[in-house]
Protein chains: 2
Amino acid sequence: MKAYRQLDREKLLELKKELTQQFDEVKAKGLSLDMSRGKPGKDQLDLSMPMLDLVNAGSDMKCENGMDCRNYGVLDGIPEAKRLLSSMIDTDSEHVIVFGNSSLNIMFDTVSRCMLKGVLGSTPWCKLDKVKFLCPSPGYDRHFKVTEFFGIEMITVPMLPDGPDMDVVEELVSKDEAIKGIWCVPKYSNPQGYTYSDETVRRFANLKPAAKDFRIFWDNAYCVHHLYEEDQDSLLDIITECEKAGNPDLVLEFASTSKVSFPGAGVSVLAASKANLEEVKKYITTQTIGHDKINQLRHVRFFKDVEGIEEHMMKHAALIRPKFEAVLNTLDRELSGLDIGQWTKPKGGYFISFDSMEGCAKAIVAKTKEAGVVMTGAGATFPYGKDPKDSNIRIAPTLPSAQELALAAEIFVLSVKLVSVEKLLGEI
Amino acid sequence: MKAYRQLDREKLLELKKELTQQFDEVKAKGLSLDMSRGKPGKDQLDLSMPMLDLVNAGSDMKCENGMDCRNYGVLDGIPEAKRLLSSMIDTDSEHVIVFGNSSLNIMFDTVSRCMLKGVLGSTPWCKLDKVKFLCPSPGYDRHFKVTEFFGIEMITVPMLPDGPDMDVVEELVSKDEAIKGIWCVPKYSNPQGYTYSDETVRRFANLKPAAKDFRIFWDNAYCVHHLYEEDQDSLLDIITECEKAGNPDLVLEFASTSKVSFPGAGVSVLAASKANLEEVKKYITTQTIGHDKINQLRHVRFFKDVEGIEEHMMKHAALIRPKFEAVLNTLDRELSGLDIGQWTKPKGGYFISFDSMEGCAKAIVAKTKEAGVVMTGAGATFPYGKDPKDSNIRIAPTLPSAQELALAAEIFVLSVKLVSVEKLLGEI
């Protein structure tokens with residue numbers, strides 16, 4: 001195929017007419033499909049259904065230390081759940097607290113706590129004139145919403161295939177005391193599917209922030225979310241690296257089983273140094289009497305250990321890999337050589353990241369919506385929902401059925417082509 | 001029996017010797033019993049076990065609007081859970097949001113939100129020089145811990161059998177703009193088991209606080225927790241009363257099924273006006289993707305409707321009523337006429353409130369501990385853990401077995417007697 005920008009005006013107009021006709025045809029099929037979020041498909045949810053039978057009316061409700069999981073008590077999680085979830089993120093029980101169904105909730109509450117109470121004795125952030133966070137972008141929109149909600153200024157840092165641009169990160173955090181944190185999705189990042197290299201992780205662990213109360217918010221959301229059995233990314237354990245670097249308190253790590261068991265009914269975990277955990281416990285001991293231990297028991301009895309989780313994740317992979325491949329094949333087939341977009345080919349996670357020609361992303365997303373496919377809003381992957389190049393689009397292929405997805409991918413590439421032609425024609 | 005204070009020194013010394021001997025005998029039994037918290041007994045937890053079978057590997061996982069409860073989504077609760085929990089507190093679905101497993105967590109987060117974001121546009125409380133809460137006391141220690149955690153000054157308000165002293169409440173809130181809230185347990189209050197009269201509820205609904213951002217924190221924790229089938233307290237719906245009074249936004253109501261189903265794995269609810277709920281939704285939409293809907297489904301399928309809850313609560317009552325009666329009988333039998341203590345006789349809730357002679361509560365609790373019975377720390381029922389009279393003790397009779405409880409009650413009355421004698425002898 002010839003790159004679109006090499007076509008003359010006449011050819012472009014001809015192409016537009018042709019594409020419009022094709023678009024109208026798919027639009028007429030009246031599809032209604034939500035591809036806006038990284039939601040598992042029904043078949044993935046079915047994988048965890050046996051879990052629901054493992055804690056039943058006849059079950060022993062005691063955890064391994066003899067405590068009745070139905071009653072009040074236990075702030076940091078039952079021992080076997082701490083073991084299971086810590087091993088999922090390559091650390092150990094003493095570094096974790098098990099929480100409720102949402103790691104986003106832990107992150108939000110952590111920022112909230114820093115705002116109101118500071119960090120290990122520092123001035124509460126709400127008392128400071130200015131608090132800033134670094135936001136490697138494209139990134140996870142809900143991270144950015146949290147910092148925006150608390151009035152924290154967000155600074156975009158470029159994402160590279162081996163992680164955030166560490167030259168930029170090191171420079172900024174070492175000079176500006178107002179920078180208190182950075183959002184990271186270190187493995188199979190949202191939305192690009194990039195995994196931080198060992199060097200990136202070590203540079204993180206060795207940061208020398210001007211702010212003593214600076215923390216790395218390490219959202220290891222896709223820690224076990226591989227697409228392939230063999231070809232898997234691996235990530236260094238940041239907790240160990242921070243200890244080695246003499247910076248044990250620098251990082252707060254978050255994860256959950258939301259996309260392992262059930263998105264609404266999983267268990268989540270915080271991992272950190274002893275000093276950080278002690279501070280968190282002071283907070284949660286006032287906030288709650290404890291999290292849902294019956295659900296912790298359910299998870300432990302189903303997965304047993306990290307091998308159980310890994311095995312289970314391969315069943316997920318078998319279901320979603322074809323969806324990723326279907327989208328990638330369509331992109332390859334339809335867009336290669338046209339020079340109107342680039343996309344990532346992740347080995348795990350939940351997303352494919354697509355970069356259109358500059359100034360086209362919003363129009364493309366509007367176009368797919370016209371044909372019944374709702375995608376994540378363009379711009380959402382950047383702080384304040386503003387993509388400076390209006391170029392990044394997050395593709396979430398897991399929820400639709402294979403059949404719907406094939407059609408959705410057609411609609412997407414058609415929208416990309418059409419909008420790109422309009423852009424080249426100067427119409428948008 | 002003759003009142004202790006009418007005994008002369010010789011008689012008191014004789015009594016002390018006798019009581020000490022009795023105390024040493026029970027102490028020798030080596031009891032180890034925790035009566036410090038309002039925890040249900042194992043037999044109560046067993047009542048809800050069938051619930052665990054109602055959502056199983058073969059279940060339809062859709063709620064009534066067709067949504068798959070296993071996946072992400074739904075911020076305010078599935079429709080049938082909203083209906084169930086709103087009817088439990090005598091309001092309707094449109095006034096509620098269903099949360100996770102802990103109403104304390106909702107209360108904590110609500111105060112946290114007011115601190116950081118203010119109330120319907122008011123100045124965030126953290127930006128104010130002084131924020132104060134009224135604390136009807138004796139009250140719930142965890143309420144006081146929340147306000148203390150956020151550095152909110154607590155002002156004790158006397159509790160009367162029909163609720164907080166409303167003359168004091170009205171006077172204070174109408175004059176002091178720094179007073180931003182009041183903690184209430186309006187039905188079968190913690191620890192006295194008092195229920196607010198209709199007049200008290202109406203006076204609450206008609207408050208004219210100097211602070212526009214004043215809120216009543218209405219913790220309806222024991223809304224359906226009757227001890228008797230016939231002789232039940234009833235409470236006016238504060239939401240309706242506030243609407244009638246033209247103060248719809250004045251109240252935030254909290255409840256949960258923690259002591260209905262499972263303390264660690266129940267569901268909780270917030271009830272409020274539309275404006276308040278909209279504000280809360282803005283917060284939680286950033287904080288989480290949603291609460292555990294599978295657990296909501298479990299609760300709805302088990303209880304079906306409020307009648308189901310009421311029926312279930314009568315099973316609880318049958319188990320714990322004898323425990324309350326055992327304690328009350330021992331108190332009646334052993335302490336009546338001695339003029340060394342007074343106690344409440346609640347018709348519901350989880351506690352009996354005991355008032356010793358002034359200056360004796362700490363010593364009594366220390367004494368029971370000596371004999372192996374851990375009670376709620378004396379003072380805990382007052383702000384900052386300081387009971388000005390050192391007199392109030394919270395008795396939580398639900399957790400121990402009937403047999404243990406009989407012995408614990410003996411230890412308690414013996415401790416009361418012994419400490420009272422020591423007090424009268426001027427030894428403490």
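Rule-based calculations on the coordinates, nothing more; no lab input. If you're wondering where the values come from, they're calculated on a predicted model, not measured in any experiment. Note that each Cβ is placed from the backbone with ideal geometry, even for glycine, and that neighbours are counted across all protein chains shown.
Odds and ends about this structure:
- Residues whose amide H comes within less than 5 Å of that of A:G348, counting only those at least five positions distant or on another chain, are A:L227 (H built at 1.01 Å from N in the peptide plane).
- 7 Å along Cα→Cβ, label-point gaps from A:K11 to other copies, nm, shortest first: 11.5
- Where the Cα pairs of the protein assembly as shown fall when distances are cut into 20 Å bins, in %: 14, 42, 32, 10, 2, 0
- Considering only B:V111, B:I179, B:A402, and ranking their Cα positions along the charge dipole of the protein assembly as shown that arises from unit charges at the beta-carbon of Lys, Arg, Asp and Glu, the one farthest toward the positive end is B:I179.
- Among beta bridges identified by DSSP and lying wholly in the stretch B:61-304, the antiparallel ones come to about 35 percent.
- Phi to ³J(HN,Hα) by Karplus 6.51 cos²θ - 1.76 cosθ + 1.60 over the stretch A:9-18, Hz, x for Gly, Pro: 4, 4, 4, 5, 5, 4, 4, 4, 4, 4
- Coupling constants for the stretch B:233-245 follow from the phi torsions by the Karplus curve (6.51 cos²θ - 1.76 cosθ + 1.60, θ = phi - 60°), and in residue order they are 7, 10, 10, 5, 6, 5, 4, 4, 5, 5, 4, 4, 7 Hz; glycine and proline get x.
- The angle separating the long axis of helix A:79-88 from the principal Cα axis of greatest extent in chain A is about 40 degrees.
- Cα centroid separation, the stretch B:378-427 to the stretch B:96-128 (Å): 35 Å
- Distance between modelled label sites at A:D231 and A:K281, nm, 7 Å Cα→Cβ extension: 4.5 nm
- Average beta-carbon neighbours from other chains, 10 Å sphere, peptide A:255-267: 4
- With the helix formula -39500 (n - 2.57) applied to DSSP H stretches of n ≥ 4, chain B reaches a computed 222 nm mean residue ellipticity of -13000 deg cm²/dmol.
- Inter-copy label distances at A:K304 (7 Å, Cα→Cβ; nm, one decimal): 4.0
- Between copies, the label points of B:K389, set 7 Å from Cα on the Cα→Cβ line, lie 7.3 nm apart, reported in increasing order to one decimal in nanometres.
- Under-5 Å amide H pairs with B:T156, H placed in peptide plane, nonlocal only: B:C135
- Values of log10 I(q)/I(0) for chain B across q = 0.06, 0.11, 0.12 Å⁻¹ run -0.27, -0.86, -1.00, by the Debye formula with one identical scatterer at each alpha carbon and no solvent.
- Extension gain (nm, one decimal) between B:V168 and B:S401, 0.36 nm per residue minus Cα-Cα: 79.8 nm
- Rounded to 10°, Cα long-axis angle of helix A:306-335 versus longest principal axis of chain A: 20 degrees
- A Cβ-based charge dipole, computed about the Cα centre of the stretch A:196-315 with Lys and Arg at +1 and Asp and Glu at -1, lands at about 660 debye.
- Take each residue of peptide B:120-128, count the partner chain Cβ atoms within 10 Å of its Cβ, and average: the result is 1.
- The HN-Hα couplings worked out from phi for the stretch B:336-346 by the Karplus form 6.51 cos²θ - 1.76 cosθ + 1.60 (θ = phi - 60°) are 4, x, 7, 6, 10, x, 10, 8, 8, 10, x Hz, whole numbers, x standing for Gly and Pro.
- Amide H contacts of A:S102: A:S268, each under 5 Å away and 5 or more positions distant or on a separate chain (H built 1.01 Å from N in the peptide plane; Pro and chain starts excluded).
- Burial ranking of peptide ranges B:416-425, B:198-207 (average Cβ count within 10 Å, highest at the top): B:416-425, B:198-207
- Rounded, prolate or oblate (a/c below 1.5 giving rounded, otherwise prolate when a/b exceeds b/c) for the stretch A:326-418 by Cα gyration tensor: rounded
- Average beta-carbon neighbours from other chains, 10 Å sphere, peptide B:137-145: 1
- Principal axis analysis of the Cα atoms in the stretch A:61-304 yields extents of 52, 47, 32 Å, listed in decreasing size.
- Take every DSSP beta bridge whose two residues both sit in chain A; close to 45 percent of them are antiparallel.
- Set of the stretch B:309-345 residues, backbone N closer than 19 Å to the point 7 Å along the Cα-Cβ line of B:D43: B:311-330
- Peptides B:153-164, A:91-102 ordered by average Cβ neighbours within 10 Å, highest first: A:91-102, B:153-164
- Computed FRET value (nearest 0.05) for B:A366 with B:D24, which takes r as the C-beta separation and R₀ as 22 Å: 0.90
- Each Lys and Arg contributes +1 and each Asp and Glu -1, all at the Cβ; summed about the Cα centre of the stretch B:61-304, the dipole is approximately 1060 debye.
- Pairwise FRET efficiency - A:K244 versus A:A210, Cβ, R0 = 25 Å, nearest 0.05: 0.70
- With the simple model of a label 7 Å out from the Cα in the direction of the Cβ, A:D8 to B:S122 spans 7.2 nm.
- For the protein assembly as shown, the share of DSSP beta bridges that are antiparallel, to the nearest 5, is 45%.
- Crossing angle, helix B:293-303 versus chain B [Cα axis fit, 0-90 degrees, rounded to tens]: 70 degrees
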